[in-house]
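K.L.:
Dumping the structure here so I can ask a few things about it.
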Amino acid sequence: MIAVAILLAGCRMSVSLTGGTVDARAKTVAITTFPNNATLINPTLSQSFTTALKDKIQGQTPLTIVDRDGDYAMEGEITGYTVAPVAIQGNDTPAMNRLTITVRVRFTNKFNEDLNFDQSFSRYADYYSSQNLSSVEASLVTEITEALTDDIFNKAFVNW
């Protein structure tokens, strides 16, 4: 019986949700607001991105979001918000424009430092150059934010 107790004490369990792994000892994750430090500023991006990231983690893990001192910690900043022409036509005018958002994330895992990372994530969405950015910006930001939060979640909890 003592041997079984020692064997079980040495084992570490983890919880898997939607393909992700959360250490069984982890109960909390601290996520700070991601400030927008990009040259071009979208005034709502900082709050909407941070909320989307919290919602993603809260919806797909058993972790509780805390302000600080979490078992996991996620912080960073929005470093890029750019619009550039793509798909240049024969008359040197773009058929499409591309909105790109880049986010730098620092992730800390209290239980396994090998899983810590400091990495930039970048995603984009294209729109027709005949459209005004302000008319499609909200939907593009939502699309890009969803892809970014998926990438960040996968890196932190699926370890791809």
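K.L.:
Looking at segment 22-43 only, could you name the residues that are in contact (Cβ under 8 Å) with a residue 40 or more places away in the chain and within 30 Å of VAL83 (Cβ to Cβ)? Before the answer, list the steps.
P.N.:
Taking segment 22-43 first, the residues in contact (Cβ under 8 Å) with a residue 40 or more places away in the chain are 22-23, 25-32, 34-42.
Across segment 22-43, the qualifying residues are ILE31, THR32, PHE34, PRO35, ASN36, ASN37, ALA38, THR39, LEU40, ILE41, ASN42.
K.L.:
Now a separate question. Could you check ASP151 against (1) touching a strand residue (DSSP E or B) at 6+ places or on another chain (Cβ under 7 Å); (2) more than 19 Å from GLN60 (Cβ to Cβ); (3) open to solvent by 20 Å² or more (accessible area, probe 1.4 Å); (4) assigned to a helix (DSSP H, G or I) and say which number it fails?
P.N.:
(2)
K.L.:
Moving on. Confirm whether SER120 is outside any strand (DSSP E or B) and hydroxyl-bearing (Ser, Thr, Tyr).
P.N.:
Details: outside any strand (DSSP E or B): no; hydroxyl-bearing (Ser, Thr, Tyr): yes.
Against the criterion (outside any strand (DSSP E or B) and hydroxyl-bearing (Ser, Thr, Tyr)), SER120 does not qualify.
K.L.:
Also: Against the definition (touching a residue at least 12 places away in the same chain (Cβ under 8 Å), open to solvent by less than 80 Å² (accessible area, probe 1.4 Å) and assigned to a strand (DSSP E or B)), how does ILE144 come out, yes or no? Before you say what the answer is, go through the steps one by one.
P.N.:
Numbers: touching a residue at least 12 places away in the same chain (Cβ under 8 Å): yes; open to solvent by less than 80 Å² (accessible area, probe 1.4 Å): yes; assigned to a strand (DSSP E or B): no.
Judged against the criteria, ILE144 is not a match.
K.L.:
Checking the condition free of Cβ contacts under 8 Å to residues at least 40 places away in the same chain, touching a helix residue (DSSP H, G or I) at 6+ places or on another chain (Cβ under 8 Å) and of a type in the set (Phe, Trp, Tyr), which residue from PHE117, PHE107 passes?
P.N.:
On the way: PHE107 fails: free of Cβ contacts under 8 Å to residues at least 40 places away in the same chain.
Every option except PHE117 fails the conditions.
K.L.:
Follow-up question, since we're still on this one. Can you name the residue in segment 57-87 that is β-branched (Val, Ile, Thr) and not in a strand (DSSP E or B) and is also surrounded by the most Cβ atoms within 10 Å (Cβ to Cβ) among such residues? So that I can check it myself, show each step before the final result.
P.N.:
Pass one, segment 57-87, residues β-branched (Val, Ile, Thr): 57, 61, 64-66, 78-79, 82-83, 86.
Right, trim to not in a strand (DSSP E or B) and you get 57, 61.
Values: ILE57: 23, THR61: 20.
Checked segment 57-87; the qualifying residue surrounded by the most Cβ atoms within 10 Å (Cβ to Cβ) is ILE57.
K.L.:
Follow-up question, since we're still on this one. Quickly run through segment 38-51 and pick out the residues that are within 16 Å of the chain's Cα centre (by Cα) and open to solvent by 30 Å² or more (accessible area, probe 1.4 Å). Please lay out each step first, then the result.
P.N.:
Pass one, segment 38-51, residues within 16 Å of the chain's Cα centre (by Cα): 45-51.
GLN47, SER48, THR51, listed by residue number.
K.L.:
Could I ask something else about it? Taking segment 88-141 as the search range and keeping residues that are modelled with pLDDT of 95 or more, within 30 Å of ALA24 (Cβ to Cβ) and of a type in the set (A, V, I, L, M, F, W, C), which one is surrounded by the fewest Cβ atoms within 10 Å (Cβ to Cβ)?
P.N.:
The residue in question is PHE117.
The values are calculated or read from the model by the stated rules, or taken from the named source; none is laboratory data. The structure displayed is predicted, hence computed values, not measured ones. Cβ sites come from the backbone with ideal geometry, for glycine too, and all protein chains shown count toward neighbours. These area figures cover heavy atoms from the full protein model, side chains too; ligands, DNA and RNA do not enter into them. Shrake-Rupley method; radii C 1.70, N 1.55, O 1.52, S 1.80 Å.
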